[in-house]
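Report on one structure; see the data block that follows.
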Amino acid sequence: PLQIDLTDRKVLSIFNGIEALNIKDPDYKFKHGSYAIPEFGTSFTRQMLDDTKPDKFADLVRISGFSHGTDVWLNNAQDYIRSGTATMREVISTRDDIMNYLILKGVENETAFKIMEIVRKGKKDLDEQQVATMKEHNVPDWYIDSCNKIKYMFPRAHAVAYTMMSFRMAWYKVYYPQEFYATYFTTKVANFDAETILKGKEAILARMDEITAKGTNASAKEKDDYTILEVAYEMYARGYEFMPIDIYRAHATDFQVIDGKIMPSFASIDGMGEKAAIGLVEEAKKGKFLSREDLCQRSKVSKTLADQMADMGLLGDMPKSNQISLFDIDFL
């Protein structure tokens, strides 16, 4: 990842649209390409992308500054941009912007630094002398007003570090999509609704509609699940698929790319704890399971969970019990 080109235009484009994702679904409903990218994948930051239309890596750094500040974006920079008062590159994003801007305007270094410190802490407004100094150096009124609205500001170095990390992940999303999604879902396994997602796009959209219909009554977990459903929907729309969990090939906790498809982990099954998942993998290595009863005895997976796996079609024609009924014997 340290060798990734941070100026890659194809990667940068997903912060402005979906063309680089090569969407195969003609009915795809989303317009953003930044789902699952830290710092840029939430509805809040997607709205920022719409307002700012970033064209450079530096623009993404500014967006990171906006999103981590308090009263930096909402009721402040966003309004100036939307009204045409200032451009995205003119409004205040990080604390360093203020000092550097004032120095370029001719304000003495120490004074510029002090003004920056007052603004970024957000404890009080600029005093009359500081405002007079800024006006003497042709700092516009909107800029001064913006300073007085801010309650907290991110340092540029933090914004750069966060954006580098996000851009690197976006690079993998563009060039190594299956590995990207497998890794993403591995880290979000607690909210991976395997029973819904493995059924495909229509089931995902139906579940998303159910959660949306609940509005503010949706639980915190459902809201987190919704985020994962969005990413799974995007993955399907790009033409990539999941494959059924194979009880003899699946990993306990990691999603895998096998034959160009993504196999979920045992931990993605609702109710399957990590300990049970590891036990299942270890026992599967020792040989075939004779029945659900054998699977439960050897791996310590509960009967309820084994029945659930059977309902999901993961156990094939595996019998429930080791015992053979007389009706199973074919007499000649």
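The helices (runs of 4 or more DSSP H) located wholly in the stretch 170-238 that include 3 or more residues which are free of Cβ contacts under 8 Å to residues at least 60 places away in the same chain and open to solvent by 30 Å² or more (accessible area, probe 1.4 Å) occupy 201-214, 220-237. Of all the listed residues (83, 146, 93, 67), the sole one being in contact with a Ser or Thr (Cβ under 6 Å, 6 or more places away or on another chain), of a type in the set (Gly, Ala, Ser) and within 30 Å of residue 31 (Cβ to Cβ) is 67.
One line per residue, one yes/no per condition, for (1) modelled with pLDDT of 90 or more; (2) open to solvent by 30 Å² or more (accessible area, probe 1.4 Å); (3) assigned to a loop (DSSP other than H, G, I, E, B); (4) not aromatic (Phe, Trp, Tyr):
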position: 289; (1), (2), (3), (4): yes, no, yes, no
position: 304; (1), (2), (3), (4): yes, yes, no, yes
position: 317; (1), (2), (3), (4): no, yes, yes, yes
position: 324; (1), (2), (3), (4): no, yes, yes, yes
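Scan the stretch 258-274 residue by residue and report those that are surrounded by fewer than 18 Cβ atoms within 10 Å (Cβ to Cβ) and of a type in the set (A, V, I, L, M). Lay out the reasoning, then the answer.
The first filter runs over the stretch 258-274 and keeps only residues surrounded by fewer than 18 Cβ atoms within 10 Å (Cβ to Cβ), leaving 258-261, 270-271, 273-274.
Answer for the stretch 258-274, where residues must be surrounded by fewer than 18 Cβ atoms within 10 Å (Cβ to Cβ) and of a type in the set (A, V, I, L, M): just 258.
Suppose we keep only residues that are within 30 Å of residue 38 (Cβ to Cβ), in a helix (DSSP H, G or I) and out of contact with any helix residue (DSSP H, G or I) (no Cβ under 6 Å at 6 or more places or on another chain) within the stretch 135-160. Which one would you say is most open to solvent (accessible area, probe 1.4 Å)?
In the first step, residues of the stretch 135-160 are kept if they are within 30 Å of residue 38 (Cβ to Cβ); the result is 146-147, 149-160.
Retained after the next criterion (residues that are in a helix (DSSP H, G or I)): 146-147, 149, 156-160.
Those left that are additionally out of contact with any helix residue (DSSP H, G or I) (no Cβ under 6 Å at 6 or more places or on another chain): 157-158.
Numbers: 157: 70, 158: 96 Å².
Taking the candidates together, the pick is 158.
Scanning the stretch 120-134 for residues that are surrounded by 12 or more Cβ atoms within 10 Å (Cβ to Cβ) and either aliphatic (A, V, I, L, M) or not in a loop (DSSP other than H, G, I, E, B) (or both) returns 120, 121, 126, 130, 131, 133, 134. The single condition from (1) under 25 Å from residue 43 (Cα atoms); (2) under 22 Å from the mean Cα position of the chain (by Cα); (3) of a type outside the set (A, V, I, L, M, F, W, C) that residue 217 fails is (2). The combined condition, being crowded, with 20+ Cβ neighbours inside 10 Å, within 17 Å of the chain's Cα centre (by Cα) and of a type in the set (S, T, N, Q), is fulfilled by residue 163.
Pairing residues of the stretch 244-263 that are under 15 Å from residue 184 (Cβ atoms) with residues that are part of a loop (DSSP other than H, G, I, E, B) and among the β-branched types (Val, Ile, Thr), at Cβ distances under 9 Å and at least 6 apart in sequence or on separate chains, gives 263/245. Scanning the stretch 247-263 for residues that are under 16 Å from residue 179 (Cα atoms) and of a type in the set (D, E, K, R) gives 254, 259, 261. Taken as a whole, the stretch 23-43 holds at least one residue that is in a helix (DSSP H, G or I), surrounded by fewer than 20 Cβ atoms within 10 Å (Cβ to Cβ) and at negative phi. When residues in the stretch 1-49 are screened for being under 14 Å from residue 238 (Cβ atoms) and of a type in the set (Lys, Arg), 2 of them pass. If you go through the stretch 7-22 and keep only what is closer than 28 Å to residue 80 by Cα and open to solvent by 20 Å² or more (accessible area, probe 1.4 Å), you end up with 7, 9, 13, 16, 18.
Restricting attention to the stretch 264-287, the residues that are touching a residue at least 40 places away in the same chain (Cβ under 8 Å) and either part of a helix (DSSP H, G or I) or not β-branched (Val, Ile, Thr) (or both) add up to 5. Note on the stretch 9-48: residues that are in contact with a Pro (Cβ under 8 Å, 6 or more places away or on another chain) and either aromatic (Phe, Trp, Tyr) or free of Cβ contacts under 8 Å to residues at least 12 places away in the same chain (or both) amount to 1.
The values are calculated or read from the model by the stated rules, or taken from the named source; none is laboratory data. This structure is a prediction, so every number in the text was calculated from the model and none was measured. Note: ideal-geometry Cβ built from the backbone for every residue, glycine included; neighbour counts use all protein chains shown. What goes into the accessible areas is simple: the full protein's heavy atoms, side chains included, and nothing from ligands, DNA or RNA. Shrake-Rupley method; radii C 1.70, N 1.55, O 1.52, S 1.80 Å.
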